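Novice: Structure below; questions to follow.
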Amino acid sequence: MTCPSPEPSPTPPDWPYCGHGATTEDPVGCRGIHIPGHTSCLAHLADADRDAYLAGPASRADAVYTGTPFSPGLLRQLLRALCTPDNRFPFLGDVRFDHATFTGDVWFDDMTFPSDVSFEGAAFTGATSFDGVTFTSDVFFERVTFGSDVSFLGVTFTGGAFFQEATFTGDASFDDSDFHGGADFGWAAFAGETSFRGALFRDASFKGARFEAESQLGPLACGRRLQLDGAVFTVPVIVEAVAPAVTCVRTRWASAATLHLRYAELDLKDAVLEYPLTVSARSTPFSSGPGDPLPETLLSGHDPGVRLTSIDGVDAAHLALYDIDLTDCRFAGAVHLDQLRVDGWCTFANTPGGIHWHRLLPRWWGRRSTLAEEHHWRAQCAPAALAQGWTSPPADTPVLRPAALAALYRQARKSLEDGKNEPDAADFYYGEMEMRRHDTTRSPAERALLTAYWAVSGYGLRASRALAWLLGAMTTTLLALLLWGLPAADPKPTTTGRQAAVGQEVTLTTDTPDPVNPTGPWSERVTSERFEKALRVVINSVVFRSSGQSLTTAGTYTEMTSRIAEPILLGLAVLAVRGRVKR
């Protein structure tokens with residue numbers, strides 16, 4: 001969110017500094033701006049002059065109290081003189097407290113400011129309270145220093161609220177505040193405990209903010225975006241937010257942290273994780289108080305889930321994801337991806353599915369989980385007919401080469417295997433092998449072997465493909481045996497012998513004739529008897545056994561081949577089924 005700044009405070013000669021309180025070290029003296037018609041600021045006017053000024057119309061026009069040192073008594077006098085019975089500040093124009101100093105405790109509770117208010121560079125030395133205040137226009141707290149606790153409970157910011165580079169030394173509470181015009185806490189420093197419980201935002205920016213005490217950011221609701229880019233969390237923090245976009249680009253988590261989100265699209269690009277960070281999708285609405293659900297009307301009708309878009313540059317060893325949609329997540333650039341924890345119901349992108357025709361041949365995509373990077377590569381590099389249904393990469397997003405995709409799949413697969421997510425791990429193994437097959441830097445022999453492995457069984461992961469090949473091999477073997485492998489008739493052993501003389505031993509010789517190749521038309525070779533014999537040979541071959549059936553020379557070689565190929569195909573089918581049912 002672009003943050004407008006108030007006009008710079010007036011400077012001499014139009015609004016000369018008050019000369020009271022000059023010292024040798026500070027020859028200018030008080031930094032307060034002159035009250036019109038006087039040579040002093042409000043703090044150093046004579047009592048009669050101050051009363052006359054506050055009672056007159058000039059105090060209700062554009063009021064400039066830049067640099068004024070406000071004691072508790074002076075602030076009470078100003079507010080008592082100017083406030084109407086309904087606690088409205090009756091300024092007709094803008095009011096400036098830029099670089100003012102507020103000593104002691106300060107209360108602006110339940111007041112209404114009808115115009116722009118600026119506290120730029122102001123310093124509050126004591127406890128400060130703006131509880132129940134209504135700012136009907138923009139309010140500027142840029143570079144303000146709160147030296148003690150500050151409270152903005154139930155404040156309504158109708159315009160923009162700008163706290164860039166503000167310093168919160170004590171505890172800061174913005175519970176139940178409503179930021180209609182957006183809020184910018186860019187580069188603010190929160191040294192004490194910070195709470196935004198029940199706060200409502202249109203836009204909220206904590207870009208570059210620093211949280212140095214245990215904090216709970218939320219639960220809060222943003223109508224558009226919650227920006228935590230470059231923020232630093234040096235202590236444990238829980239962020240609970242309802243927002244369509246949450247950006248944590250270059251956010252530094254120097255302690256354990258948890259992000260509970262709803263309706264969110266989260267970007268963690270280049271985030272620095274020094275300790276575990278858990279990101280989870282909240283299934284039920286947040287509560288801003290006992291029995292008081294946080295309003296979500298700004299996002300009604302949208303998907304309440306959480307979608308992660310990038311972990312590029314993140315050390316994934318400290319990242320845990322729970323119930324996150326990873327369909328469009330970019331994993332490229334993450335380190336220690338093999339140690340990423342993916343728990344709960346996390347979903348990945350899927351293949352487009354269906355039949356696609358390429359060069360007059362049908363291609364059928366089986367359903368499997370994929371990385372978004374494979375979608376980008378296929379949409380850009382595959383032939384037009386095969387690129388249909390794959391998601392194109394966003395603008396300025398580089399497309400990885402197959403070798404890099406294979407490494408990415410290998411690391412992600414290890415993470416899923418460690419989490420006992422075997423089905424998705426099997427899909428990622430398939431993706432890894434696909435990228436190796438398409439990697440042109442590999443040798444032709446290796447790619448040919450991978451292509452054969454893919455065609456026969458889908459890398460041992462497609463049972464239907466392996467069973468189809470097994471059925472085809474068995475059918476081929478059966479036909480070959482019917483037509484050429486079984487002999488025309490079963491050879492019958494014959495015994496011959498001769499007795500040279502009575503009383504001598506008889507020598508007998510038993511011999512089996514060679515099988516005779518079948519002849520005649522094929523219709524005579526295909527009989528039920530021959531079919532039963534061939535089927536017995538085929539079934540025995542599948543389980544790597546010999547049928548003991550007499551075969552011709554062609555049949556013998558056919559059986560030898562089938563006893564090698566068909567058990568392999570059966571094993572690949574069993575392996576594929578196991579990969580799908582294993583947990």
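The values are calculated or read from the model by the stated rules, or taken from the named source; none is laboratory data. Since this is a predicted model, take the numbers as computed values, not measurements. Virtual Cβ from ideal backbone geometry, glycine too; neighbours counted across all protein chains shown.
Novice: Over 15 Å from residue 410 (Cβ atoms) and within 34 Å of the chain's Cα centre (by Cα), is that true of residue 431?
Specialist: The answer is no for residue 431.
For (1) without any contact (Cβ under 8 Å) to a residue 12 or more places away in the chain; (2) over 24 Å from residue 337 (Cβ atoms); (3) in contact with a Gly (Cβ under 6 Å, 6 or more places away or on another chain), each residue gets a yes or a no:
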position	(1), (2), (3)
389	no, yes, no
399	no, no, no
403	no, no, no
449	yes, yes, no
472	yes, yes, no
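Novice: Please count how many residues of the stretch 180-202 are small (Gly, Ala, Ser) and closer than 19 Å to residue 247 by Cβ.
Specialist: Summing the residues that are small (Gly, Ala, Ser) and closer than 19 Å to residue 247 by Cβ in the stretch 180-202 gives 5.
Novice: Okay, moving on. Quick one: which of 412, 403 is among the small types (Gly, Ala, Ser) and surrounded by fewer than 17 Cβ atoms within 10 Å (Cβ to Cβ)?
Specialist: 403
Novice: Which condition from (1) at pLDDT below 95; (2) surrounded by 14 or more Cβ atoms within 10 Å (Cβ to Cβ); (3) within 18 Å of the chain's Cα centre (by Cα); (4) at negative phi is the one that residue 333 breaks?
Specialist: (4)
Novice: Please verify whether residue 429 is in contact with a Leu (Cβ under 8 Å, 6 or more places away or on another chain), closer than 26 Å to residue 367 by Cβ and modelled with pLDDT of 95 or more, treating the condition exactly as stated.
Specialist: Against the criterion (in contact with a Leu (Cβ under 8 Å, 6 or more places away or on another chain), closer than 26 Å to residue 367 by Cβ and modelled with pLDDT of 95 or more), residue 429 does not qualify.
Novice: Since residue 344 meets every condition but one in (1) surrounded by 17 or more Cβ atoms within 10 Å (Cβ to Cβ); (2) in the same structural domain as residue 272 (by TED's automatic domain parsing); (3) at pLDDT below 95, which condition does it not meet?
Specialist: It fails just one condition, (1).
Novice: Would you point out the residue of the stretch 300-327, among those that are crowded, with 19+ Cβ neighbours inside 10 Å and farther than 13 Å from residue 345 by Cα, that is nearest to the chain's Cα centre (by Cα)?
Specialist: Checked the stretch 300-327; the qualifying residue nearest to the chain's Cα centre (by Cα) is 308.
Novice: Sort through 480, 404 and tell me the only one that's of a type in the set (A, V, I, L, M, F, W, C) and under 30 Å from residue 537 (Cα atoms).
Specialist: Just one listed residue meets the conditions, 480.
Novice: Restricting attention to the stretch 222-236, and to residues there that are assigned to a strand (DSSP E or B) and more than 19 Å from the chain's Cα centre (by Cα), which single residue is farthest from residue 293 (Cα to Cα)?
Specialist: Going through the qualifying residues, I end up with 232.
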